[in-house]
1. Looking at region 31-87, which GluC sites (Glu not before Pro) are in a loop (DSSP not H, G, I, E or B) and have at most 10 other Cβ atoms within 10 Å?
2. Roughly how many nanometres apart are two label points built 7 Å out from the Cα toward the Cβ at D732 and R254?
3. What full-extension length gain, to one decimal in nm, is calculated for T668 and T619 as 0.36 nm per residue of separation minus the Cα-Cα distance?
4. What list of ³J(HN,Hα) couplings, whole Hz, do you get for region 270-276 from phi and the Karplus terms 6.51, -1.76, 1.60, once you set θ to phi - 60° and write x for glycine and proline?
5. Shape call for region 240-367 from the C-alpha gyration tensor, a ≥ b ≥ c root eigenvalues: rounded (a/c under 1.5), prolate (a/b greater than b/c) or oblate?
6. Please give, to one decimal in nm, the separation of the simple spin-label points placed at L351 and L498, each 7 Å out from Cα toward the Cβ.
7. Rounded to whole Å and sorted largest first, list the principal axis extents of the Cα atoms in region 630-759.
8. Please give the helix 412-424 orientation as an angle from the longest Cα principal axis of the chain, in degrees from 0 to 90, rounded to the nearest 10.
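Values quoted throughout were computed directly from the atomic coordinates according to the rules given, and no laboratory measurement underlies them. No experiment lies behind these values; they were computed from the predicted model shown. Cβ sites come from the backbone with ideal geometry, for glycine too, and all protein chains shown count toward neighbours.
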Amino acid sequence: MRTALSRHRLGLALILAGFLVLATVYSLVTPLFEASDELWHYPMVKYLADHNFSLPVQDPATETAWRQEGGQPPLYYMIGALATSWIDTSDLDEVRRINPHADIGVVVPDGNVNMVVHDADREAYPWQGTVLAMRIVRFLSILMGLGTVYLTYRLGRELFPDRPTIALGAAAFTAFNPMFLFISAVINNDNLSTLLASLLLLLVVRMLKPQPRPPRARFYVLLGLAAGAGMLAKFQIGFILPLIALALVVIALRHHDWRQFIIGSVIAGGLTILIAGWWYWRNFDLYGDATGINVFLDIVGRRAVPADLRQLWTERETFMMAFWGFFGGVNLPLPDAAYTAFNLIALLAGLGMVLALLRAFTVLDEEAAPVSSGLGLARVVSLLWPLIIFLSLLSWTRQTWASQGRLWFSALAPLSVWMAFGLAGWSAESRRITRFNLVIAAAVFVALAIYAPLAVIHPAYSFTGWNESPEEQTGQRKVCFQEPDADDLALCATYQPLDGTARVGDYLTFSPTFTLDSRLTRDWSLFVHLVNADGLIEAQRDVYPGGGLLATSDLEPGDTWRNPIAVHLPSGLYTPQTLDVYLGFYDLDAPPGTRLIPYGVGADPDTHRVRLGRVRLETPPGEVPNPVEVQFEDRMRLLGYTVDDRSLEPGGDLEITLFWRALRTMRTDYVISVQIIQPETLVKVAQIDAPPRPPTFRWDPDTIIEDTRTLTIDPDAGPGRYRVLVRVYPADEAGSPLRIATEAGGQSEDFVWLSWIQVE
């Protein structure tokens, strides 16, 4: 017995040590601010440190460095501020240099994943200033994650006291979940809330387990301290309070002593209110909302239309990816095979739980059955907690774009325990099979936990095209650029002229090589424009050089880099047509039109850009021109469209034809709204709302309907790029437009963008 106990202690020690090492690796390979919301979490820490722990008042109209995080319960930020208040962090803006073009939440072929432009020398060891402060807070997060791993083990021992292997497996599944490692390694208040949620659930489980004597007062003190701290760490923890109340009732009934309920409620409840009550009263006083959720949503952004279950179902893939590992600014995924492996293990665990339940109902197997013993209620509550958190997450995600599985980590400890139980549930008799299942699953977790920082995270922020000499190729061209009011050439580009074909939905990719000749005084953004015959920009790509990793003011003369570029050809582009490809540089912070001046073949002296070649957009196969295949709920599908002109003057007429097909016989008369809008400013210069001819209730599902209408451009319309927007709504309910059905069966926006229009 003692030998087995020693083995389990050694196993736990190895898991904790493995987590500590790997979390440190994740922290070191993940550049500062390149993690979920760390861009705003740390400024909140700094604000408290700089303002003697006074809290900011949230105002959606005022832009702040901490954004919505100023509306979060402050305990995590207070701990970080307390640990770093002695450090001079006045260099924050020099470390936190925003990449204005970062593709956050989007996976693209040419990188541009970094939210911040990094200075390797400033961020290198020995750390100073902001870098040092952030490293300290990150280390505190690692310790919180370590605590969660240990509490997962303790929870497993409480729920399955005769099966320590399950506890070890659960600890491993928590410790080596790549996403948990990633979040634990960075600045994120989820680390504290996950720790406290795990502790509170462990205390509730201990309360629900049969005990010869009721808990002592000191236990209720610990419970109140944990609950108060939890409520001051994240509002989500409040959902465990009913479970605590349930546990107090069970204790009172079990011992036939309602004084226990009163004592527990007074001590634990009083401490909870004492520790956290002020925060919720402050929110109510400032915002009229004890949680402050409304002002939080006003800052972070709400969905235009609350998501229904069908829409949330379509977001399940992203949810699961962000539970297992979706790094950076939700733009660095693991390989598909990794998610398949994780999901397969979870599926096998679920099936194992079903087998254990079946055995529980057929043969009284106290050891294997999850609810058959005196531990039944405690085990049920440990299953109920993940369900409660999941339902709260669904409610939250309906309001804002938050389909991220990491937000489920408040229930990670019981999820890991039950995953371990499910894998062990494949065999009730053979402990060897149980150990084999758990060891194999844990090995997969460990392997992928090691793979992620080395093969996914680190390469994404390591510039591979640095100081590569351009290869000599036949037909290669060179063009150079000069800063305005400068005498010397600043940088030169070597490229292969473009000449090819593409389809809507594809990426146009190429990789010019740049060489810096003299220092640049500004941070110039690289742009690529795809321009039609009328001079209208049909598609574009704006990035910092080097896939977003380079700021031009940091570069030294002689620096050379290969610059991959990928321009997306969005749905709705008019086909067929030939687009000219232009490249140039502009200053985002300067007045419009401030660009580097190009010299060489293809240089345009008027627009200060260089023509690199052309691409021909092919017409996709289909029954109608410009096929788009956009479905409006289960009523109708927009098949394609045509426009008679895409370059107009104010007061001019535009004729557009929409091709429709009914998906079923409709009894409602729908109105089709066609608008011409500037997407960036939402300025509208033309609109016509009218039922089609014939009306929709007469549409035959076997017939393509051609709906032609003429829009007149506002005579006062300013010059610029506009786009055609189409919306459909019932004739008697203008405020209830039909939503677009996604491929997976959900719903997204209630409109679709079509062709670009140039107003001269």
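1. Passing sites in region 31-87 are E63.
2. Roughly 6.0 nm, to one decimal.
3. 14.3 nm
4. Coupling constants for region 270-276: x, 5, 4, 5, 4, 7, 10 Hz.
5. Numbers: a/c = 2.74, a/b = 1.10, b/c = 2.49.
Verdict is oblate for region 240-367.
6. If labels sit at L351 and L498, their model points lie 4.8 nm apart.
7. Largest to smallest, the principal-axis extents are 42, 28, 25 Å.
8. Rounded to the nearest ten degrees, it is 70.
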